[in-house]
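Notes to accompany the following structure.
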Amino acid sequence: MSQLTPQPFESRTWFRWAAFAIIVGGAAMFVLQAGELFASNRPSYFSVVGPAIGIAQLLMAFGCVGLWSDHAFGGGVFARTGLALAILGLAALAVGNLAAPFGDLAVFYAGATLLIPVGFVLAGIAAIRSRVWHGWERFIPLGVGLLPIIVVFPTYAAGNAIGEFAVGVWGLAFVLLGWAELREPPLEPAHAENSVKPHKRGR
């Protein structure tokens, strides 16, 4: 049996780098996806910026690795499984975009559109139930999972520039996730027997 306790400030360096990575990646994803609104030729635009979007998504995946390894959202089965699925999905999405100049790797996009929302819905439920994160922050992971289902995918299916912009807005949701990651302390497992003093019986 174990419980989770905040890590000391000195051990937060890795966690903070992961948070900054997800913020930078999400912001870059928004800017690059939104740029499609001003492109005269959409296929040519994405063949050029696709690899840059892929790098941004690798940064986002790195940020999620930080959440996973630091037992964010309580470190339970839902949290760790959800984050693992999201990391795999972001990696698949990144591969698809990195290969944009060489062809459309639809299988990677299809896998990502399933893994990322499902992963963040699971992690989001864990965040709300565990109450490890506080205030508005604990609702952000669930929002990251629901946003593509409710907004991005229906808009993207229309096949116009607004759909690509909606994907960029999803990047802003990751910026919020990274900001919340910075605000909330990372956790580490601590054995309960080391944190609970023995109880002495009175005579």
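The values are calculated or read from the model by the stated rules, or taken from the named source; none is laboratory data. What you see is a predicted model, and the numbers here were worked out from it, not measured in a lab. Backbone-built Cβ (ideal geometry, glycine too); neighbour counts: all protein chains shown. Surface areas here come from the heavy atoms of the whole protein model, side chains and all, with no ligands, DNA or RNA. Shrake-Rupley method; radii C 1.70, N 1.55, O 1.52, S 1.80 Å.
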* Asked: Within the range 127-143, is even one residue open to solvent by less than 20 Å² (accessible area, probe 1.4 Å) and part of a loop (DSSP other than H, G, I, E, B)?
  -> yes
* The one condition in (1) open to solvent by 30 Å² or more (accessible area, probe 1.4 Å); (2) under 24 Å from Gly163 (Cβ atoms); (3) among the small types (Gly, Ala, Ser) that Ala84 fails to fulfil -> (2)
* Asked: How many of the residues in the range 111-126 are closer than 22 Å to Ala157 by Cα and either of a type outside the set (A, V, I, L, M, F, W, C) or open to solvent by 60 Å² or more (accessible area, probe 1.4 Å) (or both)?
  -> 6
* **Single residue of the range 155-203 satisfying the filter (open to solvent by 40 Å² or more (accessible area, probe 1.4 Å) and in contact with a strand residue (DSSP E or B) (Cβ under 7 Å, 6 or more places away or on another chain)) that is modelled with the highest pLDDT** => Pro185
* **Of the criteria (1) closer than 30 Å to Ser44 by Cβ; (2) open to solvent by 60 Å² or more (accessible area, probe 1.4 Å); (3) part of a helix (DSSP H, G or I), which one Phe78 fails** => (1)
* Which is in contact (Cβ under 8 Å) with a residue 60 or more places away in the chain and part of a helix (DSSP H, G or I), of Ala61, Ala56, Ala94, Ala86? -> Ala56
